[in-house]
Structures are given as C-alpha cells and as structure tokens.
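Notes follow once the structure below has been shown.
The values are calculated or read from the model by the stated rules, or taken from the named source; none is laboratory data. Bear in mind that the values here come from a model prediction, so they are computed numbers and not experimental data. In this analysis, Cβ positions are derived from the backbone assuming ideal geometry, glycine residues included, and neighbour counts consider all displayed protein chains.
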Amino acid sequence: MKNLIYDLKINKNLKDDELIELLETDIYDDKLHMAADEIRRMNYKDEVYIRGLIEFTNYCKNDCYYCGIRKSNIKSERYRLSKKDILKCCENGYKLGYRTFVLQGGEDPYYTDDLICEIVSEINKSYSDCAITLSIGEKSFESYKRYFDSGARRFLLRHETADDEHYSKLHPDSMSLDNRKRCLFDLKKIGYQVGSGFMVGSPYQTTQNLVADLRFLQELKPDMIGIGPYINHKDTPFSGKENGTLELTLKLVSILRLMFPYALIPSTTALGTISPLGRELGLKSGANVVMPNLSPVETRKKYDLYENKICTGEEAAECRGCLERRVEIAGYRIVTNIGDVKKHA
Ligand code: 5AD
Ligand code: FES
C-alpha cells in the first residue's frame, strides 16, 4: 500500500483521491500529527509566535449565515472602539511582549479608509518595531493600497470555502467567492503578507470541498493559514447545525503543515472552544502561532462569532500568562519577536 503520509511529507502534495482517503479515515492520525510536528520543528524549532488580537468593532454590513455578528442578528449588542481605545490595547499588549497587533472587526463603514489609515499610522508611529495586521474584510484595491501605505503589512481574510456552490450556501447573494479571491490576490499584489483559511465542518461542507480549499491555498500561497472548527451560533440561520470536530480540524492542521512547511498556522480560539485542550493539540499537530485577545474585557463577550467562545472574561495579561503555560506544557515556547514567515517558494 502507498504510504500517504510519507508521500505528503516528501512531495508536499497528494492526488485528490489520496487526500480524500487521508481525510476520511482515522487510522493515519497519530503518524500524520507526528510527521507534521517533525516538519514544523525543522522550520520553526519549538517556537510559537504570538499575535495580539484587538476586536475593535462588531458592527458588520454583511450577513454570513454562520456568523454571530451578522447584520441581521438584532440580539447582538454592538460596540466600537475609538482610536484611543485601540491604542490603549496596543500599549497594554506591548508591555506584555506583543510585537504584532491584529486589528479585526466586522465590515463596518463607520471606519472609513481615512480613519483606518489614521489608526494604522498612529500605531506605526508609536510602535515602530511592531507589525500591524488588518482583518477587516473585503475592500477595493485602492483601499488596501492606502492601508499598506499607512504602514499595515499583513492582512487576514479567510476564503471560508473555495467551492462556489458551497460558498453560496454559507453567504447571501450579495457576496461572492470571486470577489473574495480578487481581494486575496490584490493583497498579495500590493505586497502584504497574506493570511487565508477556512472553517472545518461548516454546514454542507463535503470532503471534496476541503480538497478544493487545499488546492486554492496551493494557488494563493499565503503566508498564514488559519482554520478552525465551525461552531454553532443560535441567533443565526444555521442555528442548531452541528459543530465541526476537533479530530478533523487537527487532521487538517497537520495536512496543511506538510503541504505548506513554511506557513504560519495559528492554533485558533475556535479550536480551544470546542475542546479544553484544543489549542495545545493544535500546536502538537503542526500549528505555530497563537492569537490571544487584547480587546478590553468589557467588549469581549460581544464579539461572539460563535457560542461559548473562550477567554471572554479574562484580562489581556491573564490570557498571556495562561497561554505561556499551555504552550510550555504542550512542549513549545512562546517567543516575542515580530514573527515573520520563513521564506517560501
Ligand atoms: N464558527 C467558527 N468560526 C467562525 N467564523 C465566523 N463565524 C464562525 C462560526 N460560527 C470565523 C470565520 C471568519 C473568522 C474571523 O471567524 O472563518 O473568517
Ligand atoms: Fe485566555 Fe487561557 S488564553 S484564559
């Protein structure tokens, strides 16, 4: 029998039917995670990069069927952080050793391009040894370029699913996979370090869809790949749909590590939400980044993309300490440098 894990490790690729076999049978799991860990250690040793996440607005003009902060969720208590609030989060984060700030929010027109640029420049001025990452959704080439010129160097935008039909089951007609892809390629063209990714076990997802996700990522060659299990939110049209599983998410983390040895792969909050040791297992399966929350405790619960999100009652310093211990117990070490991606093809 062909050794799928060996082939994947050596060739960084498999045929579609081989990927499907790997994804659909669990006999390979332990070996797969071990191979992924070996490759992550070859590239990144035992280092884990930290990114301070600032969730600065939960207003959103979009209506994605899976997301708790979709515009039609009238139960969501909306909030916005001012420039001053955001800078305070950075100040706090800087003291805790963060050298990357991720500004994430819903697609909120209140934050005009001028305002985003103002915020980015100010952070850049005050913390010139830090990287600024934006995660604010779909914009025009011109807008992305303006943010870049103001000092943003990284951008996170998950493609969510690379299959058109599946995309249309997760999003209203006003959104399209084509535009999503256009955004990602624009970001690359401008010179951003780009992060993309998808949800695992989202409603209607097939194994074939997951293969399409991997193929799309091979085409995009992102620097960062974020995945997490889909988690139900009761105030969305997907209320009551099943969550993605820990096992399949970990398997995909390992496959991603073997296909993209250089990549920054976060062990996500969603992984820690479906299982108490989810983030530790994510690291052991090939992930090398964690993104603790720097948002003010008063607003954290309101950024509820999905239910029972962890870390909503903790102060930034508590999460920092908690993760330090968790990462160590898993057998790795948090480093506080800027954490750039290693060079890749
Ligand atoms: N479950 C898991 N992940 C979700 N996201 C949004 N809603 C959910 C959910 N219900 C993810 C999306 C988005 C990222 C910020 O959070 O993939 O890109
Ligand atoms: Fe937030 Fe553990 S990381 S409490």
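Within the stretch 88-126, the residues that satisfy the criterion of being more than 18 Å from Ala316 (Cα to Cα), of a type in the set (Ser, Thr, Tyr) and in contact (Cβ under 8 Å) with a residue 24 or more places away in the chain are Tyr110, Tyr111, Ser121, Ser126. Listed residues Leu14, Leu8; which is free of Cβ contacts under 8 Å to residues at least 12 places away in the same chain and surrounded by 18 or more Cβ atoms within 10 Å (Cβ to Cβ)? Unique residue meeting the criteria: Leu14.
Taken together, the residues in the stretch 301-327 that are of a type in the set (Lys, Arg), within 19 Å of Ile86 (Cα to Cα) and within 16 Å of ligand 1 (Cβ to nearest atom) amount to 2. Taken over the stretch 63-76, the criterion of being in contact with a Ser or Thr (Cβ under 9 Å, 6 or more places away or on another chain) and either of a type in the set (D, E, K, R) or under 14 Å from Pro296 (Cα atoms) (or both) is satisfied by Asp63, Arg70. Whether a residue is small (Gly, Ala, Ser), within 15 Å of ligand 2 (Cβ to nearest atom) and closer than 21 Å to Leu32 by Cα was assessed, and Gly272 passes this test. Within the stretch 27-50, the residues that satisfy the criterion of being under 20 Å from the mean Cα position of the chain (by Cα) and buried (at least 21 other Cβ atoms within 10 Å of the Cβ) are Ala36, Arg40, Tyr44, Val48, Tyr49, Ile50.
The condition of being more than 16 Å from ligand 1 (Cβ to nearest atom) and either touching a residue at least 24 places away in the same chain (Cβ under 8 Å) or under 24 Å from Arg279 (Cα atoms) (or both) holds for only one of Arg180, Arg153, that being Arg153.
The rows are residues; the columns are (1) within 16 Å of ligand 1 (Cβ to nearest atom); (2) modelled with pLDDT of 95 or more; (3) within 19 Å of the chain's Cα centre (by Cα).
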{"residue": "Pro261", "(1), (2), (3)": "no, yes, yes"}
{"residue": "Thr269", "(1), (2), (3)": "yes, yes, yes"}
{"residue": "Arg279", "(1), (2), (3)": "yes, yes, yes"}
{"residue": "Asp340", "(1), (2), (3)": "no, no, yes"}
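A single member of Leu32, Leu53, Leu14, Leu23 is farther than 26 Å from Leu305 by Cβ and not in a loop (DSSP other than H, G, I, E, B), and it is Leu32. Only residues that are over 21 Å from Thr100 (Cβ atoms) and among the polar types (S, T, N, Q) were counted across the stretch 175-195, and they come to 2. Could you tell me whether the stretch 91-111 includes any residue that is buried (at least 21 other Cβ atoms within 10 Å of the Cβ), away from ligand 1 (no atom under 16 Å from the Cβ), within 21 Å of the chain's Cα centre (by Cα) and assigned to a helix (DSSP H, G or I)? Scanning the stretch 91-111 turns up at least one residue that is buried (at least 21 other Cβ atoms within 10 Å of the Cβ), away from ligand 1 (no atom under 16 Å from the Cβ), within 21 Å of the chain's Cα centre (by Cα) and assigned to a helix (DSSP H, G or I).
When Gly278, Gly228 are screened for being at negative phi, crowded, with 24+ Cβ neighbours inside 10 Å and not hydrophobic (A, V, I, L, M, F, W, C), only Gly228 passes.
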